[in-house]
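The values are calculated or read from the model by the stated rules, or taken from the named source; none is laboratory data. Predicted model only: the values in this text are computed from it and were never measured. Note: ideal-geometry Cβ built from the backbone for every residue, glycine included; neighbour counts use all protein chains shown. Each accessible area value is taken on the protein alone, full model and side chains, heavy atoms only, with ligands, DNA and RNA left out. Shrake-Rupley method; radii C 1.70, N 1.55, O 1.52, S 1.80 Å.
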Amino acid sequence: MNTFKSSMLIIIFTIGCLFASCTKDKTSKELSVSDQNFNSDWLFLKDTVDNGQNVFLDDSSWRKLNLPHDWAIEGPFKKGSDLRTGGLPVYGEAWYRKHFTVDKKYSSKQISIEFDGAMNNAKVWLNGTYIGERPYGYIGFEFDLTPHIKFGEDNVIAVQLSPEDLAARWYPGAGIYRNVRLKINSLVHIPQWGTYITTPEVTDEQATVSIKTTIKNANMSSSDIVLETILKDEKGTVVGSNSSSVVIQKSAEKDITQTIKIAKPKRWDIKTPVLYTASSNVLIDGNIVDSYDSEFGVRTIDFDANKGFILNGKQVELNGVCMHHDQGALGTAINYRAKERQMQIMQSMGVNALRTSHNPPSPELLQVCDRLGIVVIVEAFDEWKMGKVPNGYNKYFDQWHEKDLRDMIQRDRNHPSVIMWSIGNEILEQSKEDGWKLTKHLNDICHDEDNTRPTTIGFNYYPAPFVNKLAYQVDIVGMNYWPLSYTEIKEQNPNMILYGSETSSQTSSRGVYHFPIEAAVQKETNHVSSYDGVVGPPWAYLPDAEFDAQEKNPFSLGEFIWTGFDYIGEPTPYAGKDNSTNGRWTLDWPSRSSYFAPVDLCGFPKDRYFLYQSQWTTEPMVHVLPHWNWEGKEGDVIPVYAYTNCDEVELIVNGKSLGKKVKGVDTTKVPAEFHDFEKGMYTSKYRLSWDVPYQPGSIKVIGYKNGKAVAEKEIKTAESPAKIHLIADRTEIKADGNDLSFITVKIEDVSGNLCPIAANDVNFEVTGEGTLAAVDNGDQTAITSFQANHRKAFNGLCLLVVKSKNDAGEIKITASSEGLKSETIIVKTK
Ligand code: GAL
């Protein structure tokens, strides 16, 4: 098909209550009970335990903690362990146990436990009885506990995790790293992921909303129920409702479809991510026995083979990023604020789209994207039957793929941000003649669960997916690292909808510059130069080459760069196999996190961030590199690059103008010799450059639009480090035991200039109503613990993350370092 059209209104299952503070609006508390936050007071042991499920096991010495929890991020980094997963302890056996009581008054209820994901190979027991298991760590699951609960007495839930070594190509984390809820439901209730809403028609005047609600009757007799659905706008004003009377047979489930019209609907859009709320109430004899709140948005999506992606009738170029799921130094333990900050930083670079490479995301990430206005490709798998690593998902594929894929879609299909289902990344079946069969099977599952969104795959073995016909079994073809083939593929397949599902894979280290700029990989420090000539895996190429390819092929939906944030693991180009270690990537220690992104592991922008910003944003900006502290190089020529979205840039060195350069006309030679397809120097029209003989002082760039100066940036030669400067991203956070303040720690000279090569070790003291959650500096080779109370600056910067406690008050943060003036700041918690 050459266009994929869907017009829909989306409902977000609000996942019961993710946070303790969130309660459902129940009018009849006796009959209808909220989901319980079930994250607190677990016991943990990272060891093998015989019969860890045994009710009488003495667990009094186990560590007490709250979920979500990632044990691997606690380290230590270990030489000899797989650097592909970050050199961290991501495998082994561990147990979590929780003692809890369910009041006798609930003895007639349905009790279940819902995990948003547990890494990896989760097995669950209640009071010694085996309840169930789920191998894939990225998928949510729920188990019915009702038959085994002892009401009014101590119950023990035990979870065994046994992630394997060599099971991932990136840092997967380890532990019950997503949220857990205990659900107390009436016998008649709306089960997990029980609503699905589409809008068959949307106009400016009216949206027709179709809501399919599943109702379960666990009674031994049939029930007469009323389903009442109420839609509200952002202010809580009711904008529509419907009520249906239905009989549900005993021990059965029934789907009820209702239609509600909203007059003059406000659209969910990238710039205006408007969300509505839907409340579904189930009533028996006039009493509410279950209610189910949801957020939703109204939008239309359309994919056209020539015009690209169309949101609410307007073409939108996808300026996308691929992201793994870790949150840098915080590891994988899901934190709403950490995700929100990541995506806000991405938005500030000009990002409007995300690909959740290469697995189902946390529910929180999709909530963040719904609220910020970022469209999402939700990806299911990195492997099918053919494995990429010895203990990969391929081991579970046959038994679990259908359930995992259906569950992913049922959980996520109500998010307005989600626009495509990706059924795979670079799956090895591309090279198989019958690879199309499995593709068709997975594609059909997606359409069966949700026919309002297209399917896609990120293909890489050009032309294998075309020869073997996999590319013809998905709605939209994603191409990983093929910018030079877009035109040819389109010529051969004029009706195909295409985009760059993974692009560039350029690498760099923040604030590092190597001379001559052609110097590619250098072995002394395991860093990569931020002049951003091509350094990366053999398939890597300059961001500039993709910009050019997108411009020349306007039919493309856009691109998704690899990656938005640096992530833990896969430290290419400092990554290699050592045959003596059973295929582990152990060479090039201590490189332990990726170099791919325009933003480092802390979220600090590298120079490349501004290259993307210059292409993806319109608010006038200009950026200049490198830093201007080149002691010993006086008189040497230093290449100076400028990135801008203005028409022209003037460079001023030590007060003297070196003239203006015009973007697109005055091009820049960028080293590209690392890459197969572009040997030598690449001529980029996206960068401006000057050769400047170095003298200390300053370099300043001024961006001009229509002849008018509209943006500028200056870098001064810094004197020696004199003081610490702390900048909190938020000085007031919620006193909920979860909220975070991210504090940028800058090493400055006496005049407040950033010292661009400072490496001072900074000590942190955090007192009052908060704790130190993590430290980092963005150096891909640093093996200091992410939980240490000190951190060396890397090129003048490091990061401190503090977390609130449950009591309101003040968090006092003091940073000190020998020979530097220390600084104290206060973050309030409310
Ligand atoms: C791709 C792969 C990604 C990542 C990237 C690094 O082939 O899909 O997961 O490994 O290469 O360049």
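For the range 462-489, filtering for residues that are under 30 Å from Arg413 (Cβ atoms), open to solvent by 10 Å² or more (accessible area, probe 1.4 Å) and over 23 Å from the mean Cα position of the chain (by Cα) leaves 8.
Selection of the range 515-559 for residues being within 16 Å of the ligand (Cβ to nearest atom), of a type in the set (Phe, Trp, Tyr) and either without any contact (Cβ under 8 Å) to a residue 60 or more places away in the chain or open to solvent by 10 Å² or more (accessible area, probe 1.4 Å) (or both) yields only Trp539.
Among the listed residues Asp448, Asp398, identify the single one that is within 23 Å of Glu133 (Cα to Cα) and free of Cβ contacts under 8 Å to residues at least 60 places away in the same chain. Talk me through it step by step, then tell me what you get.
Working: Asp448 fails: within 23 Å of Glu133 (Cα to Cα).
Criteria check complete, one pass: Asp398.
The requirement of being within 30 Å of Phe547 (Cβ to Cβ), aromatic (Phe, Trp, Tyr) and touching a Phe, Trp or Tyr at 6+ places or on another chain (Cβ under 6 Å) is satisfied by Phe303. When the range 572-600 is filtered for residues that are in contact with a strand residue (DSSP E or B) (Cβ under 6 Å, 6 or more places away or on another chain), part of a loop (DSSP other than H, G, I, E, B) and within 14 Å of the ligand (Cβ to nearest atom), the ones remaining, listed by number, are Ala575, Phe596, Ala597. In the range 500-514, the residues that are basic (Lys, Arg) reach residues that are not in a loop (DSSP other than H, G, I, E, B) with C-beta atoms within less than 9 angstrom, at least six apart or across chains, in these pairs: Arg510/Val599; Arg510/Pro605; Arg510/Asp607; Arg510/Phe794; Arg510/Leu797. Pairs meeting the criteria (first residue in the range 725-741 and closer than 16 Å to Ala329 by Cα, second residue open to solvent by 20 Å² or more (accessible area, probe 1.4 Å) and among the acidic types (Asp, Glu), beta carbons under 7 Å, at least 6 apart or on different chains) are Ser741/Asp729.
Taking the condition at pLDDT 95 or above and not in a helix (DSSP H, G or I), does Ile457 pass?
So Ile457 passes the test.
Any chance the range 159-181 includes a residue that's more than 16 Å from the ligand (Cβ to nearest atom), modelled with pLDDT of 95 or more, crowded, with 19+ Cβ neighbours inside 10 Å and under 21 Å from Ser280 (Cα atoms)? So far as the range 159-181 goes, yes, one or more of its residues are more than 16 Å from the ligand (Cβ to nearest atom), modelled with pLDDT of 95 or more, crowded, with 19+ Cβ neighbours inside 10 Å and under 21 Å from Ser280 (Cα atoms).
Given the criteria assigned to a loop (DSSP other than H, G, I, E, B), more than 27 Å from the chain's Cα centre (by Cα) and either away from the ligand (no atom under 16 Å from the Cβ) or not β-branched (Val, Ile, Thr) (or both), does Asn451 qualify? In short, no. Sub-6 Å Cβ pairs linking a first residue in the range 405-423 that is open to solvent by 10 Å² or more (accessible area, probe 1.4 Å) to a second residue that is of a type in the set (D, E, K, R) and assigned to a helix (DSSP H, G or I), at least 6 apart or interchain, are Arg406/Glu449, ordered by first then second residue.
If you go through the range 193-211 and pick out every residue that is in a loop (DSSP other than H, G, I, E, B) and touching a helix residue (DSSP H, G or I) at 6+ places or on another chain (Cβ under 8 Å), you end up with 1. Taken together, Pro696, Pro756 contain a single residue that is open to solvent by less than 60 Å² (accessible area, probe 1.4 Å), under 28 Å from Pro639 (Cβ atoms) and assigned to a loop (DSSP other than H, G, I, E, B), which is Pro756. Modelled with pLDDT of 95 or more, farther than 21 Å from Ile334 by Cα, more than 28 Å from the chain's Cα centre (by Cα) and open to solvent by less than 40 Å² (accessible area, probe 1.4 Å): is that true of Val55 in this structure? For Val55, the condition - modelled with pLDDT of 95 or more, farther than 21 Å from Ile334 by Cα, more than 28 Å from the chain's Cα centre (by Cα) and open to solvent by less than 40 Å² (accessible area, probe 1.4 Å) - is not met. Give me the residue from the range 409-428 that is among the aliphatic types (A, V, I, L, M) and more than 16 Å from the ligand (Cβ to nearest atom) and, out of that set, farthest from Pro360 (Cα to Cα). If we take residues in the range 409-428 being among the aliphatic types (A, V, I, L, M) and more than 16 Å from the ligand (Cβ to nearest atom), then Ile419 is farthest from Pro360 (Cα to Cα).
Taking into account only those residues within the range 339-359 that are in contact with a Leu (Cβ under 9 Å, 6 or more places away or on another chain) and within 16 Å of the ligand (Cβ to nearest atom), which is farthest from Phe115 (Cα to Cα)?
Leu354
Return yes when Thr203 is of a type in the set (Val, Ile, Thr) and open to solvent by 30 Å² or more (accessible area, probe 1.4 Å) and no when it is not. So Thr203 passes the test. Given Thr85, Thr48, which one is among the β-branched types (Val, Ile, Thr) and open to solvent by 80 Å² or more (accessible area, probe 1.4 Å)? The unique qualifying residue is Thr48. Of all residues in the range 100-137, how many are among the aromatic types (Phe, Trp, Tyr), in a strand (DSSP E or B) and under 26 Å from the mean Cα position of the chain (by Cα)? Selection size over the range 100-137: 1.
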